[in-house]
Amino acid sequence: MIVPVKYEMDRLLILDQTLLPGEERYIEMRTKEDVWEAIKKLRVRGAPAIGVAAAYGLYIAVRDLKTDNFTDFATQFHSVKEYIATSRPTAVNLFWALERMERRLLAMEDGLCFAPSWNQELEHIKEELLKEAEAIRREDEESCLSMGRHGLSLLKRGMGILTHCNAGTLATAKYGTCLAPIYLGQEQGYGFKVFADETRPLLQGARLTAWELSKEGVDVTLICDNMAATVMKQGKIDAVVVGCDRMAANGDGANKIGTSGVAVLAKEFGIPFYMFVPTSTIDLDTPTGSQIQIEERPGEEICEMWYEKNMAPAGIKTYNPAFDVTDHKYITAVVTEKGIVYPPYGENLRKL
Ligand code: MRU
C-alpha cells in the first residue's frame, strides 16, 4: 500500500499528491521552505499525514544546525517550528506534532552533560528528535489500523458506503482513518460498494480516494458532490464514513468543505454518519466548532484549476473555504483508535 511520507536513507520523501492520479512521484524535502511549500500546496495533505510530514520536516530543518549550547539550539528549533506551523491553519495534527517534537527537545535539557562534549550531546539530541518523528509516524499507522478494526465492527457485508474527500492511506501514515475499515473489510471479503464524492474544488475524492481504493481492488464508484442526495434516496448508501481535521471538545468536527452537507443529508435519510478521529485530531482546548479557524484558499481553485480555460467571468468574486464544521448532532459515532465514542460527546470525548 502506498504511503505519502517516507524517511529513507536520511532523505525525507513526500509523494506529490498534486500529480495524482497521473503520476506517482516522490519529491525530496531538504529545507524548511520545502516542507512549508509542500504542506501549503497540498503536495502532502490530510490531517495525520501533515502531522507526520511536519515532524520529520522539523527534524530535517534542524539536523545540520550547529550551535554552541542547548539554549541557542532550542531557540532556532522554535523559530523553525513556528514557521512550519504557518503553512495551514485548520488540521490540528500539524500543531500537535510540532508541539510534541518541541516537548521532546525541551525534556532533554535536564539529561544533558552525559556526553564528553557539546557536539556529541547535540548529535544525541538530533538522533532523539528523529526517533520522535519516527514514533509519530509509527503510532499514526497503528492508530489507523485500530480505527479500522473499530470501524469495521459498525459495518456489515455488502454495505454501500459514501465517503467525502480523502481520508485514506494518502492522508495518514498508512491505511487511512475512515478508509481503514474498507481495506480491512476488503481483505475479509466484505464486498463493500464505496461511493466517492469528487470533492470540489481540489478533487481529493476523484483524484485520490477513487485512485487509492481502485488500486487496492475495492469496488468504488465516483460521483459528483451534488449527487449524494440522489444515491442516498435510491437506497444505495447504508453508512457514511469521513475523516476529520479537528474535533472540538463538544464533538463538532471540521473536515473538508462539503462534509457538513453530507451529514445533514444522512440524517434526513436515516443513514448513520461516522466520523473517524484519531485522538491526535481531538482538540479539547477548542470548546466548539465555531472557534476552529477555517482555511480560505484562492478563488483560482474554483475558476481555473482543472479547466482548459477560465470557466467563470474574469474578475468574479469567489469564496473558497477549505473546510466546514459538522455539528455534533449529525454525528452518529466518533471512531477513534481507543474505541467508538457516542454522544454526549462533551462528556465522552473527555473520558478518552
Ligand atoms: O485539504 P486536505 O486535503 O488536507 O483536507 C483533508 C481532509 O479534509 C480529510 O478528510 C481529513 O484531513 C481527514 S484525513 C484522515
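The values are calculated or read from the model by the stated rules, or taken from the named source; none is laboratory data. As the structure is a computational prediction, the values presented were derived from the model and not from experiment. Quick reminder, even Gly has a Cβ in these numbers, built from the backbone with ideal geometry, and neighbours come from all protein chains shown.
Annotations for the structure displayed:
- Of the residues examined, T318 is not one that is at pLDDT below 95, within 21 Å of C165 (Cβ to Cβ) and not assigned by TED's automatic domain parsing to the domain that holds K40.
- One residue alone among A248, A254, A228 is at pLDDT 95 or above, surrounded by fewer than 24 Cβ atoms within 10 Å (Cβ to Cβ) and among the small types (G, A, S), and that residue is A228.
- Which listed residue is closer than 21 Å to S143 by Cβ and surrounded by fewer than 24 Cβ atoms within 10 Å (Cβ to Cβ), from L98, L42: L98
- Restricting the first member to the range 293-308 and to residues that are more than 23 Å from N93 (Cβ to Cβ), and the second to residues that are among the aliphatic types (A, V, I, L, M), the beta-carbon pairs closer than 8 Å and six or more apart or on different chains are G299/I316; I302/A312; C303/M311; C303/A312; C303/I316; E304/M311; M305/L202; W306/L203.
- Here S290 passes the criteria (1) within 14 Å of the ligand (Cβ to nearest atom); (2) farther than 30 Å from R149 by Cβ; (3) not in a loop (DSSP other than H, G, I, E, B) except the one numbered (1).
- Counted residues, the range 237-287 - those being within 10 Å of the ligand (Cβ to nearest atom) and hydroxyl-bearing (S, T, Y): 2
- Index of the failed condition, F269 passing every other in (1) closer than 19 Å to H164 by Cβ; (2) surrounded by 21 or more Cβ atoms within 10 Å (Cβ to Cβ): (2)
- Residue within the range 110-117 that is touching a strand residue (DSSP E or B) at 6+ places or on another chain (Cβ under 9 Å), surrounded by fewer than 18 Cβ atoms within 10 Å (Cβ to Cβ) and not hydrophobic (A, V, I, L, M, F, W, C) present: no
- All positions within the range 246-287 that are in a loop (DSSP other than H, G, I, E, B) and either more than 21 Å from L154 (Cβ to Cβ) or small (G, A, S) (or both): A249, N250, G251, I257, G258, G270, L284, D285, T286, P287
- Residue in the range 209-217 that is in a loop (DSSP other than H, G, I, E, B), under 21 Å from the mean Cα position of the chain (by Cα) and at negative phi present: yes
- Residue count, the range 280-312 (criterion: within 22 Å of T177 (Cα to Cα) and modelled with pLDDT under 95): 2
- Whichever residue in the range 148-184 is within 9 Å of the ligand (Cβ to nearest atom) and on the phi > 0 side of the Ramachandran plot and, among such residues, is surrounded by the fewest Cβ atoms within 10 Å (Cβ to Cβ): C165
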